[in-house]
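Asks: Attaching a single structure in structure tokens format; questions to follow.
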Amino acid sequence: MSSDQNSMVILITGGSSGIGKSIGAYLTEKGYIVYGTSRNPERFTNFQPFELLQLDVADTKSIALAIQTIEKKHGRLDVLVNNAGAGITGPIEEIPEEEIRKNFTTNYFGPVNVTKAVLPLMRKQGGGLVINITSIAGYMGLPYRGIYSASKAALEITTEAWRMELKRFNIEMTNVAPGDFATNIAAGRYHAPVLDDSPYEKPYGDILKLMDDHVDSGNDPLEMARAVFRIITTKNPRVRYKVGAFMQKFSIVLKRILPGKVYEKLLMNHYKL
């Protein structure tokens with residue numbers, strides 16, 4: 001998307017920490033006008049280096065208010081980065097339905113509703129860009145992360161359809177799927193408890209530890225910030241981008257070329273199931 005970057009206004013949902021904060025800080029450094037969001041911005045006193053607006057992706061009123069604030073101030077919004085998301089783990093059989101719905105509200109309905117709210121403004125100004133942060137986990141059903149994989153896959157597929165609907169308005173949409181990055185996502189994840197009398201107790205307990213190790217040894221979120229910057233400065237963004245460790249990206253290629261049962265066996269060996 002090419003435009004004079006100093007006048008470009010960017011909104012990043014979930015901008016108070018992790019990948020969202022890294023993207024916001026990097027883009028501010030590059031001279032863009034950046035707004036991040038948080039459900040409770042008052043918790044982040046003296047937050048640097050960009051402004052945090054109150055926005056809860058589960059609350060359409062708060063979404064509308066945040067967009068109105070930006071429109072009043074700048075009259076435009078050039079880029080939306082749908083970054084707010086939540087992790088969820090557990091044996092699917094044991095995750096309460098309410099938690100599954102809550103996860104889809106954050107990871108799927110949230111970005112859909114924020115996008116719906118910005119599109120009229122982008123149409124009015126003659127164009128814009130929406131970047132949906134999905135996940136490499138959305139390309140495959142991962143054991144004990146099935147609900148997370150499903151919510152990210154749903155956003156990925158919706159983006160494929162939506163970007164075709166938006167082309168006539170000069171509005172671009174793309175997916176960026178990160179692998180494991182060293183952020184605090186594990187702390188904010190909903191973990192179904194490891195139950196003593198559960199038939200899943202040992203394998204689920206082992207996989208939880210493995211997942212936390214992966215996040216702790218993950219790549220620097222600055223890598224994601226650079227990827228987003230490259231997309232913003234690209235004229236015609238691709239349908240999807242993948243950012244992360246080579247093996248995580250390669251796992252998607254393997255899924256495409258291997259027979260289903262062979263790939264499943266590889267995953268089960270990886271997770272020691």
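Asks: Check the straight Cα-Cα distances from Lys167 and name the lysines below 25 Å, setting aside those fewer than 8 residues away within the same chain.
Replies: Correct list for Lys167: Lys116, Lys124, Lys152, Lys235, Lys242.
Asks: Only Cα pairs under 8 Å and at least 6 apart count here; give the relative contact order of the chain as a rounded whole percent.
Replies: Relative contact order of the chain: 21 percent.
Asks: Show which lysines lie in cross-link reach of Lys265 when reach means a straight Cα distance below 21 angstrom and same-chain residues fewer than eight apart are skipped.
Replies: Hits, sequence-local ones excluded: Lys202, Lys209, Lys249, Lys255.
Asks: Let me ask another. Just the number: Rg to Rh for the stretch 77-159, Cα atoms, Kirkwood Rh, two decimals. Don't jump to the answer; show the numbers that get you there.
Replies: Working: Rg = 14.3 Å, Rh = 13.5 Å.
Here Rg/Rh amounts to 1.06.
Asks: Using alpha carbons only, how many degrees (0 to 90, rounded to 10) separate the axis of helix 146-166 from the longest principal axis of the chain?
Replies: Long axis of 146-166 versus the principal axis of the chain: about 30 degrees.
Asks: Now for a separate question. Where does the longest stretch of the chain lie that holds no trypsin sites (Lys or Arg not before Pro) found in a DSSP loop with 12 or fewer other Cβ atoms within 10 Å?
Replies: 1-234
Asks: On the Cα set of the stretch 103-231, report Rg and Dmax in Å, please.
Replies: When restricted to Cα atoms, the stretch 103-231 yields Rg and Dmax of 17.3, 58 Å.
Asks: Run through all the Cα pairs of the stretch 132-201 and give the fraction in each 10 Å bin from 0, expressed as whole percent.
Replies: 17, 38, 26, 13, 4, 1
Asks: Expressed as a whole percentage, what fraction of the accessible surface of the stretch 74-217 belongs to carbon and sulfur atoms when a 1.4 Å probe is rolled over the protein heavy atoms?
Replies: 55
Asks: So, one more: How large is the accessible surface per residue of the chain, computed with a 1.4 Å probe and reported in Å² as a whole number?
Replies: 49
Asks: With Kirkwood's inverse mean 1/r over C-alpha pairs for Rh, give me the Rg to Rh ratio of the chain, two decimals please.
Replies: 0.97
Asks: Which length gain, in nm to one decimal place, applies between Lys261 and Arg123 when the Cα-Cα distance is subtracted from 0.36 nm times their residue separation?
Replies: Residue separation times 0.36 nm, minus the Cα-Cα distance, leaves 45.1 nm.
The values are calculated or read from the model by the stated rules, or taken from the named source; none is laboratory data. Just so it is clear, the structure is predicted and the values come from calculations on it, not from any experiment. Note: ideal-geometry Cβ built from the backbone for every residue, glycine included; neighbour counts use all protein chains shown. To get the accessible areas, we keep the full protein, side chains included, count just its heavy atoms, and leave off ligands, DNA and RNA. Shrake-Rupley method; radii C 1.70, N 1.55, O 1.52, S 1.80 Å.
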